[in-house]
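Scroll down for the structure; my scribbles are underneath it.
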Amino acid sequence: MSSITPLIALGQVAEPASRTPLVIIGIYMCVLFGLGWISSRLFRGSSKDFFVASHSIGPFMLLMSVFGTTMTAFALVGSTGKAFSLGIGVYGLMASSSGLIHAACFFLVGIRMWSFGKKYGYVTQIQFFRDRFESKKLGYLLFPILAGLIIPYLLVGLIGAGTYIGGVTRGMFPGTFDAGAVPGWLTGLVICGVVLFYVFSGGVRSAVWANTFQTIVFMIMGLVGFIVIAKGIGGLAEASELVKLHAPEKLVREGLMTPAHFMSYMLVPLSVGMFPHLFQHWLTAKSAKAFRLTVIAHPLCIMIVWVPCILIGIWGAGLYAEGSLFVPKLPNGAPNANAVLSMMVNKFMVDPVLIGLFSAGVLAAIMSSLDSQFVCVGSMFTNDFVVPLFGKERFSDRQKVWLGRGFIVFIVVITYVISI
């Protein structure tokens, strides 16, 4: 999922006169910092607890952490642009397929992998593949491949967050920063600092606690944004009539996507079975029964997030066709679909408090993946590279924790430097 472009477009969301949005974002970061500190107090000191929370995560937190990790910022932002271009069929194209296939993967793959992890002490998926195929070389091959799969997501999150905050804070600090906006390097530094604090202290347990909170935040703020925009247009009925009048083709699937195009997207959600950070969350479950809520509720959570975003995109198409919504152009002259959500928010959300809360929701969507990915890379480096290379007997349990922490710091610093 390429979420960087939508996030950059969302950076144009507004130019608030007050610093209230930034204050709210700051409060949100402080809450995250405090939550991370509290959860880190529960850390038991073992490598098993640091990497898989001692298999102690219950049903609700497992659902929130898995859902927050799989959705990323694309679900909150990019889906709107896709609906603007292709209409209501996007829900079936991406949301329905994700809901069904994700749940199937959790049930058919996740529970089985959890049972293997519980039985054989796995803390990463590479350990499973190494034992399954009885090949250490396979583990060394998979480590750079899976780490390479994660690093672009880390960069996307930091760059996108910096660009978004730069747009939200434009004009707040004239004479201090360029364009009076908080620069991307400072935004990235704060995000990296907050995330690093709680994952360094408590490992994946702290990431699960933070993910639970952040998933709730971005789900709620997505609904808030939907309600505000719907009221701004005149209500659900008025918005639907607007689309029916000016862009009726967006209300049908036929003509905007071919059956082959539609069916090809059924393959995309299968990627959840190979995301190492998601695999790690599976291993945190307290029992196989903890997966029940995730399997049942994950499709419902997707609906809660995606339905508002799809409708906002369709409404945007109607407003654009009517001539009452400005959408920036791409170099080829076509409207930039990835900017639709930012333009809708800019048009209908003018209260600085709402802008701040919505911004917190966007950052929650970004950061709910970053923390798990940082911990996962540290875990793979320790358990799939260093320990197999030098031998288990060379490292105590405590040393494994510090190896993981050290590489987490390293990857955070490298990611931050590249992002600026």
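Here are a few things to note about the model shown:
- Matching residues, segment 327-361, being out of contact with any helix residue (DSSP H, G or I) (no Cβ under 6 Å at 6 or more places or on another chain), surrounded by fewer than 17 Cβ atoms within 10 Å (Cβ to Cβ) and farther than 16 Å from Met221 by Cα: Lys329, Leu330, Pro331, Asn332, Gly333, Ala334
- Cβ separations smaller than 7 Å between residues 6+ apart or across chains give the following pairs from segment 330-352 residues that are farther than 21 Å from Ala161 by Cβ to residues that are of a type in the set (A, V, I, L, M) and in a loop (DSSP other than H, G, I, E, B): Pro335/Val327; Lys347/Leu325.
- Yes/no for Met274 being under 15 Å from Tyr91 (Cβ atoms), surrounded by fewer than 20 Cβ atoms within 10 Å (Cβ to Cβ) and not aromatic (Phe, Trp, Tyr): no
- In this structure, Leu149 does satisfy being among the hydrophobic types (A, V, I, L, M, F, W, C), surrounded by fewer than 21 Cβ atoms within 10 Å (Cβ to Cβ) and under 20 Å from the mean Cα position of the chain (by Cα).
- In the set Ile296, Ile229, only one residue is part of a helix (DSSP H, G or I) and over 30 Å from Glu322 (Cα atoms); that residue is Ile296.
- Of the residues examined, Lys244 is one that is exposed (fewer than 13 other Cβ atoms within 10 Å of the Cβ), of a type in the set (Lys, Arg), farther than 30 Å from Cys376 by Cβ and out of contact with any Lys or Arg (no Cβ under 7 Å at 6 or more places or on another chain).
- Test result for Val90, more than 20 Å from the chain's Cα centre (by Cα) and surrounded by 21 or more Cβ atoms within 10 Å (Cβ to Cβ): no
- Residues in segment 362-396 that are at pLDDT 85 or above, surrounded by fewer than 23 Cβ atoms within 10 Å (Cβ to Cβ) and not aliphatic (A, V, I, L, M): Phe381, Phe385, Pro388, Phe390, Arg394, Phe395, Ser396.
- Only listed residue being modelled with pLDDT under 90, surrounded by 13 or more Cβ atoms within 10 Å (Cβ to Cβ) and either in contact with a Gly (Cβ under 7 Å, 6 or more places away or on another chain) or under 30 Å from Lys289 (Cβ atoms) (or both), chosen from Gly157, Gly110, Gly180, Gly139: Gly180
- Residue match in segment 119-126 (condition: in a helix (DSSP H, G or I) and surrounded by fewer than 24 Cβ atoms within 10 Å (Cβ to Cβ)): yes
- Which listed residue, of Thr284, Thr294, is in contact with a His (Cβ under 7 Å, 6 or more places away or on another chain), hydroxyl-bearing (Ser, Thr, Tyr) and crowded, with 16+ Cβ neighbours inside 10 Å: Thr284
- Being hydroxyl-bearing (Ser, Thr, Tyr), buried (at least 21 other Cβ atoms within 10 Å of the Cβ) and out of contact with any Ser or Thr (no Cβ under 8 Å at 6 or more places or on another chain) is not true of Thr215.
- Test: residue in segment 266-280 that is touching a residue at least 24 places away in the same chain (Cβ under 8 Å), of a type in the set (S, T, N, Q), part of a loop (DSSP other than H, G, I, E, B) and out of contact with any Leu (no Cβ under 6 Å at 6 or more places or on another chain): no
Condition check ((1) over 17 Å from Ala365 (Cβ atoms); (2) part of a helix (DSSP H, G or I)) across all residues:
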site: Ile145; (1), (2): yes, yes
site: Leu154; (1), (2): no, yes
site: Leu158; (1), (2): no, yes
site: Gly162; (1), (2): no, yes
site: Met172; (1), (2): yes, no
site: Val182; (1), (2): yes, no
site: Leu189; (1), (2): yes, yes
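The values are calculated or read from the model by the stated rules, or taken from the named source; none is laboratory data. As the structure is a computational prediction, the values presented were derived from the model and not from experiment. Every residue, glycine among them, receives a Cβ derived from its backbone with ideal geometry; neighbour counts consider all protein chains shown.
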